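Worksheet for the structure shown next.
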Amino acid sequence: MNPPVPKVYIETVGCQMNVLDSELVVAALKKQGYTLADSPEGASLILFNTCSVREHAEEKTYSALGRHAAPYKKADPGTVVGVIGCMAQKDQERIRQRAPYVDLVVGTGQLAKIPALVEEARRTGQPQYALSLPRAGASRAEVEASFESYDPARDPEMRPTPFQAFVRVQIGCDKFCTYCVVPSTRGPEQSRPPEHILAEVRTLVDQGAKEVTLLGQTVNSYRYAHGDGRTTRLSDLLLAMHDTPGLERVKFVTNFPKDMTDDLLDAVRELPKLAKYLHVPVQSGCDEVLKRMKRLYTVASYREMLHRCRERVPGVAVSSDFIVGFCGETDDSFAKTLRLVEEARFKNSFIFKYSERPGTKAMGRYTDDVPEAVKKRRNNDLLAVQNANSLLDHRTWIGRSVEVLVEGPSRHGERAGGDRPQLTGRTMTDHICVFDGPPRLVGQTVTVDVTDASGFTLYGDVRVGEQTGVGRGATVEREPRPRRIGLAVV
Ligand code: 5AD
Ligand code: SF4
């Protein structure tokens with residue numbers, strides 16, 4: 001009799017970097033014979049890929065451990081339970097205290113070891129830890145070496161949509177914003193060699209990827225020194241990958257405002273495959289708050305950068321992140337943030353209530369003095385201003401036509417209207433666009449005439465027989481198969 005095929009179940013919270021890490025971990029386990037399970041039931045390996053950016057994300061993982069790991073471990077002690085990623089790097093002891101049945105604790109810089117550690121846990125019955133060095137614990141070179149860039153062979157089966165892929169260009173972060181855990185959970189900033197990135201993009205395109213999104217915590221500070229006097233900047237990298245046959249679209253996230261150089265903006269304008277979209281978080285519209293956050297720029301210099309983006313890349317869409325209720329944020333400072341959002345015309349903004357994180361500079365230095373109710377109110381107020389602006393922006397698209405890369409069936413049937421299947425995708429400016437259309441268009445780039453808009457979505461009519469992009473003329477029959485690895489993103 002054949003031995004049963006081992007199954008791995010994985011839940012992922014957090015950013016796109018985590019989604020990519022989960023894809024890579026599952027791909028490595030598949031090479032060991034594992035298949036991916038939809039639920040923890042029957043899985044011999046249960047993994048949680050975690051996020052520490054806000055307390056809420058951590059609590060979500062502890063609660064998921066209690067519900068999706070503890071009962072299965074109890075029923076079958078041979079089940080291996082692992083906590084991987086940011087929380088693992090930061091809180092190894094706490095995890096074992098709160099969930100003593102956890103067998104594996106593996107930090108962001110050690111994910112390549114997972115297949116071996118699972119075997120070791122099974123063989124010895126002992127918990128296995130693999131963590132990188134703390135940033136203050138050794139020399140920069142030693143700490144860097146302990147955070148490996150984990151980018152092994154790619155497996156299109158693991159991606160929610162095979163025609164879209166993330167590619168890491170940089171690991172870690174050196175900015176040390178005072179509220180943020182990332183510099184300690186993901187280690188020093190290190191750019192990957194351009195040859196590796198370009199080879200990975202070629203592989204992904206060969207596997208069917210049409211869109212790649214380059215990932216880095218501060219992606220626009222990407223810089224690779226070749227050691228012979230040559231340096232590759234993000235703009236050089238984008239130029240080098242641009243003509244890859246079969247590649248249709250390239251995006252990159254997340255940008256740091258101070259590192260938004262003109263060469264990069266010129267590349268975004270000149271290279272037709274680059275999305276005309278920049279995510280450049282400002283975090284606050286008040287200089288005193290930005291100073292306490294140690295963001296290294298002022299509101300005036302951010303506005304100047306925004307102006308430069310729009311001047312150099314006509315029609316570019318810009319989005320931002322905000323933290324409301326940071327230490328010492330007064331009504332007056334929040335009013336300045338409101339004013340910035342009113343004026344800046346961001347395509348959209350992601351708004352977060354400040355969550356104090358142990359180990360960050362802000363926790364030692366400042367008091368988390370804005371009451372939760374005030375954080376909540378400010379969050380809602382800022383969102384209301386942003387939503388009104390998003391609606392205004394979206395309405396300017398009515399009557400225009402857009403190129404949409406179709407991602408899948410529209411999840412909520414966003415527009416009332418009959419039983420016809422609706423599809424959703426994104427435009428070159430990263431706007432969500434919903435239209436009626438057959439499932440076979442999933443993965444194709446189509447032209448849509450925009451007829452209506454809400455604050456979140458453009459609605460339109462697909463032009464029949466006018467598929468654009470690589471698949472033009474040769475429609476691939478492919479049923480939509482939206483697949484998620486684990487939980488939705490926090
Ligand atoms: N509390 C709330 N939001 C945070 N972010 C980062 N750290 C914190 C924190 N401690 C937000 C920032 C960042 C986004 C990814 O998460 O806005 O841009
Ligand atoms: Fe965190 Fe700031 Fe680095 Fe972004 S730039 S990951 S907010 S420390």
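The values are calculated or read from the model by the stated rules, or taken from the named source; none is laboratory data. Worth saying up front: this structure is predicted, and the values here are computed from it rather than measured. Here the Cβ is made from the backbone with ideal geometry for all residues, glycine too, and neighbour counts use every protein chain on show.
Restricting attention to the stretch 25-41, report how many residues are outside any helix (DSSP H, G or I), surrounded by 16 or more Cβ atoms within 10 Å (Cβ to Cβ) and not aromatic (Phe, Trp, Tyr). Selection size over the stretch 25-41: 3. Pairing each residue of the stretch 48-62 that is in contact (Cβ under 8 Å) with a residue 40 or more places away in the chain and farther than 14 Å from Cys15 by Cβ with any residue that is among the small types (Gly, Ala, Ser) and within 16 Å of ligand 2 (Cβ to nearest atom), provided the two are 6+ apart or on different chains, yields C-beta distances under 6 Å for Glu55/Ser355. Taking the residues in the stretch 145-186 that are away from ligand 2 (no atom under 16 Å from the Cβ) and among the β-branched types (Val, Ile, Thr) as candidates, determine which candidate is nearest to Lys30 (Cα to Cα). Across the stretch 145-186, the extreme among qualifying residues is Thr161.
The set of residues from the stretch 84-105 being in contact (Cβ under 8 Å) with a residue 12 or more places away in the chain and farther than 20 Å from Pro134 by Cβ comprises Arg98, Ala99, Tyr101, Val102, Asp103.
Being out of contact with any Gly (no Cβ under 6 Å at 6 or more places or on another chain) and free of Cβ contacts under 8 Å to residues at least 12 places away in the same chain is a description that applies to Glu311. Out of the stretch 210-237, which residues are more than 16 Å from ligand 2 (Cβ to nearest atom), aliphatic (A, V, I, L, M) and either modelled with pLDDT under 95 or surrounded by fewer than 22 Cβ atoms within 10 Å (Cβ to Cβ) (or both)? Within the stretch 210-237, just Ala225 meets the criteria. Of the residues making up the stretch 55-109, those that are assigned to a loop (DSSP other than H, G, I, E, B), surrounded by fewer than 18 Cβ atoms within 10 Å (Cβ to Cβ) and in contact with a strand residue (DSSP E or B) (Cβ under 9 Å, 6 or more places away or on another chain) number 1.
Residues in the stretch 316-345 that are within 16 Å of ligand 2 (Cβ to nearest atom) and surrounded by fewer than 19 Cβ atoms within 10 Å (Cβ to Cβ): how many? Total meeting the criteria: 1.
Please indicate, with yes or no, whether at least one residue in the stretch 276-298 is hydrophobic (A, V, I, L, M, F, W, C), away from ligand 1 (no atom under 15 Å from the Cβ) and either under 25 Å from Asp174 (Cα atoms) or crowded, with 16+ Cβ neighbours inside 10 Å (or both).
no
Put simply, of Leu265, Leu204 the only residue that is assigned to a helix (DSSP H, G or I), away from ligand 2 (no atom under 16 Å from the Cβ) and at pLDDT below 95 is Leu204.
Going residue by residue through the stretch 31-53, is there one that turns out to be farther than 21 Å from Asp103 by Cα and modelled with pLDDT of 95 or more? Checking the stretch 31-53: at least one residue is farther than 21 Å from Asp103 by Cα and modelled with pLDDT of 95 or more.
Taking the criterion of being of a type in the set (Asp, Glu) and more than 10 Å from ligand 1 (Cβ to nearest atom), the residues of the stretch 309-366 that qualify are Glu311, Glu329, Asp331, Asp332, Glu342, Glu343. Evaluation of Arg154 against the conditions (1) within 16 Å of ligand 1 (Cβ to nearest atom); (2) at pLDDT below 95; (3) over 30 Å from Cys327 (Cα atoms) shows that the sole unmet condition is (1). With the structure loaded, tell me whether Ala300 is in contact with a Phe, Trp or Tyr (Cβ under 7 Å, 6 or more places away or on another chain) and more than 14 Å from ligand 2 (Cβ to nearest atom) or whether it fails that test. No; evaluated as a whole, the condition is false for this residue. Per this entry, Leu264 is counted among residues that are in contact (Cβ under 8 Å) with a residue 40 or more places away in the chain and farther than 22 Å from Arg159 by Cβ.
For the stretch 126-142, how many residues are surrounded by fewer than 10 Cβ atoms within 10 Å (Cβ to Cβ) and in a loop (DSSP other than H, G, I, E, B)? Spell out the reasoning first.
So the first thing to find is which residues in the stretch 126-142 are surrounded by fewer than 10 Cβ atoms within 10 Å (Cβ to Cβ), and the list is 126, 136, 139, 141.
Keeping just the survivors that are in a loop (DSSP other than H, G, I, E, B) gives 126, 136, 139.
Total meeting the criteria: 3.
Anything in the stretch 346-365 that is within 30 Å of Ser184 (Cβ to Cβ) and away from ligand 2 (no atom under 16 Å from the Cβ)? List them, or say none. Selection gives Phe346, Asn348. May I ask you to verify whether Ser44 is more than 16 Å from ligand 2 (Cβ to nearest atom), surrounded by fewer than 21 Cβ atoms within 10 Å (Cβ to Cβ), under 22 Å from Gly107 (Cα atoms) and without any contact (Cβ under 8 Å) to a residue 24 or more places away in the chain? When the stated conditions are applied, Ser44 does not pass them.
The residues listed here are Asp452, Asp430; of these, the one that is outside any loop (DSSP other than H, G, I, E, B) and at pLDDT 95 or above is Asp452. Residues of the stretch 399-410 that are touching a residue at least 60 places away in the same chain (Cβ under 8 Å) and either surrounded by fewer than 18 Cβ atoms within 10 Å (Cβ to Cβ) or not charged (D, E, K, R) (or both): Ser401, Leu405, Gly408, Pro409.
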